[in-house]
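Participant: I have a structure I would like to understand better, so I am pasting it below and will then ask my questions one at a time.
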Ligand SMILES: NC(=O)c1ccc[n+]([C@@H]2O[C@H](COP(=O)([O-])OP(=O)(O)OC[C@H]3O[C@@H](n4cnc5c(N)ncnc54)[C@H](O)[C@@H]3O)[C@@H](O)[C@H]2O)c1
Ligand SMILES: [Zn+2]
């Protein structure tokens with residue numbers, strides 16, 4: 001079974017192809033042989049990228065494999081420079097395709113190298129984590145970190161194509177799978193009540209990674225993300241901001257844990273519950289919305305509260321929130337639900353109320 005999601009962005013439009021075994025078709029779907037730099041990380045390369053590289057080579061491509069260290073360290077200018085070295089070495093020209101095979105880290109880093117080398121090389125995403133499949137591989141945001149700020153050096157560079165091979169998720173550690181589910185639950189909460197209902201009914205099968213069910217959540221998530229990106233490609237109209245539901249709290253927790261204790265999706269899971277509690281405090285939603293969200297996140301084996309070992313300083317969290325690039329002129333702004341399937345941007349949330357919510361983390 002193949003599912004295709006079209007991302008309509010005029011000349012930058014592309015297809016997201018989802019299905020079991022899609023990876024084996026990447027080479028033929030990219031057309032006439034040329035040159036290609038396959039970028040992966042130390043975990044994913046032996047599982048999938050080496051194989052893909054060999055497929056390119058045997059189809060007559062001038063193919064190279066660059067293996068980055070696994071983890072966030074790969075999103076640094078130092079590691080990007082190594083990708084530039086590889087491109088120079090293989091005498092890359094503007095037709096050379098950069099193919100990212102891995103999670104969001106590899107996609108962001110390889111995409112940034114593709115965006116900047118020779119003012120832009122064609123870029124293809126082959127995401128192998130659930131988070132990358134449902135979020136980072138679609139939408140064109142690429143970039144690396146500065147030691148002082150995450151994702152601050154980057155570009156908008158849409159891929160030419162995205163290939164999501166659901167078979168590759170079989171090797172993904174459970175904790176990473178759950179972290180990806182946080183973004184999936186987010187799409188239901190912000191845009192699609194029916195999808196949320198479906199997940200409530202089908203979550204057991206999804207967590208068992210039943211292929212059809214996993215393909216369904218990926219397809220629906222990609223459709224919803226594509227829809228948002230189509231209407232606000234460069235994050236200028238404010239529409240794309242709905243994707244930040246749970247992220248204002250979440251980013252602050254990630255920063256607080258020095259990007260160590262919590263995975264991004266875990267921080268977002270806790271942050272979505274905080275945002276829902278804040279919305280309830282403001283009288284925007286009934287308790288039932290909070291409890292349904294919490295129950296679904298728990299069924300995804302996600303945390304809904306900060307771990308006890310993470311001590312929280314409310315003042316520090318609020319300061320971090322003010323620095324968040326999504327806050328405008330230091331005011332506290334949150335994406336808050338009005339019901340399941342809909343959110344709004346709410347400005348000027350009283351600091352006292354935010355403190356009250358943070359107090360639940362003890
Ligand atoms: N560009 C965007 O729009 C966007 C959106 C969300 C997140 N991000 C970025 O994505 C990054 C996080 O991505 P991630 O959660 O995919 O993390 P990741 O890329 O670090 O992957 C998580 C871990 O799983 C391993 N792995 C990947 N695929 C595997 C597989 N199939 N089998 C076994 N192991 C596998 C990786 O080696 C890594 O150790 C962050 O840097 C974040 O900033 C970007
Ligand atoms: Zn996120």
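Coordinate-derived values only; no laboratory data. These numbers come from a predicted model, not from an experiment. Quick reminder, even Gly has a Cβ in these numbers, built from the backbone with ideal geometry, and neighbours come from all protein chains shown.
Participant: How much length is gained if the chain between residue 51 and residue 342 is pulled fully straight, taking 0.36 nm per residue apart and subtracting their Cα-Cα distance, in nm to one decimal?
Facilitator: Length gained between residue 51 and residue 342: 100.5 nm.
Participant: Here's another thing I want to ask about it. Counting every Cα pair in region 123-189, what percent are over 21 Å apart?
Facilitator: I get 35 percent for the Cα pairs in region 123-189 exceeding 21 Å.
Participant: On to the next question. Given the DSSP H assignment, sum -39500 (n - 2.57) over each helix run of at least 4 residues in the chain and divide by its residue total; what's the result at 222 nm in deg cm²/dmol, nearest 500?
Facilitator: Using -39500 (n - 2.57) per qualifying helix, the result is -13000 deg cm²/dmol.
Participant: Using only the Cα atoms of region 3-171, build the gyration tensor, take square roots of its eigenvalues as a ≥ b ≥ c, and label the shape rounded, prolate or oblate: rounded if a/c is under 1.5, else prolate if a/b is larger than b/c, else oblate.
Facilitator: Taking the square roots of the gyration eigenvalues as a ≥ b ≥ c, region 3-171 is rounded.
Participant: Subtract the Cα-Cα distance of residue 118 and residue 310 from 0.36 nm times their separation in residues, and report this length gain in nm to one decimal.
Facilitator: Once the chain is fully extended between residue 118 and residue 310, it gains 64.7 nm.
Participant: Rg to Rh ratio, the chain, alpha-carbon atoms and Kirkwood radius?
Facilitator: 0.97
Participant: How long is the gain from residue 236 to residue 42 if the chain were fully straight, where each residue apart is worth 0.36 nm and the alpha carbon distance is subtracted?
Facilitator: 66.2 nm
Participant: Calculate, in whole percent, how much of the Cα-Cα pair population of region 174-361 lies beyond 24 Å.
Facilitator: Cα-Cα pairs in region 174-361 separated by more than 24 Å: 35 percent.
Participant: A further question follows. Take peptides 149-159, 332-342 and line them up by average Cβ neighbours within 10 Å, highest first, as a rough protection proxy.
Facilitator: Highest mean packing first, the order is 332-342, 149-159.
Participant: Which of the peptides 173-180, 272-279 is most tightly packed, and how do the rest follow, going by the mean number of other Cβ atoms within 10 Å of each residue?
Facilitator: In descending order of packing, they fall as 272-279, 173-180.
Participant: Indicate, rounded to the nearest 5 percent, the antiparallel portion of the DSSP beta bridges found entirely in region 3-171.
Facilitator: 30
Participant: Moving on to the next point. What do the square roots of 5 times the Cα gyration tensor eigenvalues come to for region 1-100, in whole Å, largest first, as semi-axes of the equivalent ellipsoid?
Facilitator: Those come to 23, 17, 16 Å.
Participant: Taking the Cα-to-Cβ direction at residue 94 and at residue 59 and moving 7 Å from each Cα, how far apart do the two end points lie in nm?
Facilitator: Going by the 7 Å Cα→Cβ label model, 2.4 nm.
Participant: In square nanometres, what is the average projected area of the Cα convex hull of region 284-362?
Facilitator: Computing the convex hull of the Cα atoms and averaging its projections yields 6.1 nm².
Participant: Based on the mean of other Cβ atoms within 10 Å per residue, sort peptides 52-63, 257-268, 20-31 so the most packed one is first.
Facilitator: Answer by packing, highest mean first, reads 257-268, 52-63, 20-31.
Participant: Which residue, 82, 141, 186, tops the fluctuation ranking in a GNM of the chain built on C-alpha contacts under 10 Å?
Facilitator: 82
Participant: Could I ask something else about it? Restricting the count to DSSP beta bridges whose residues both fall in the chain, what percent are antiparallel, rounded to a multiple of 5?
Facilitator: 40
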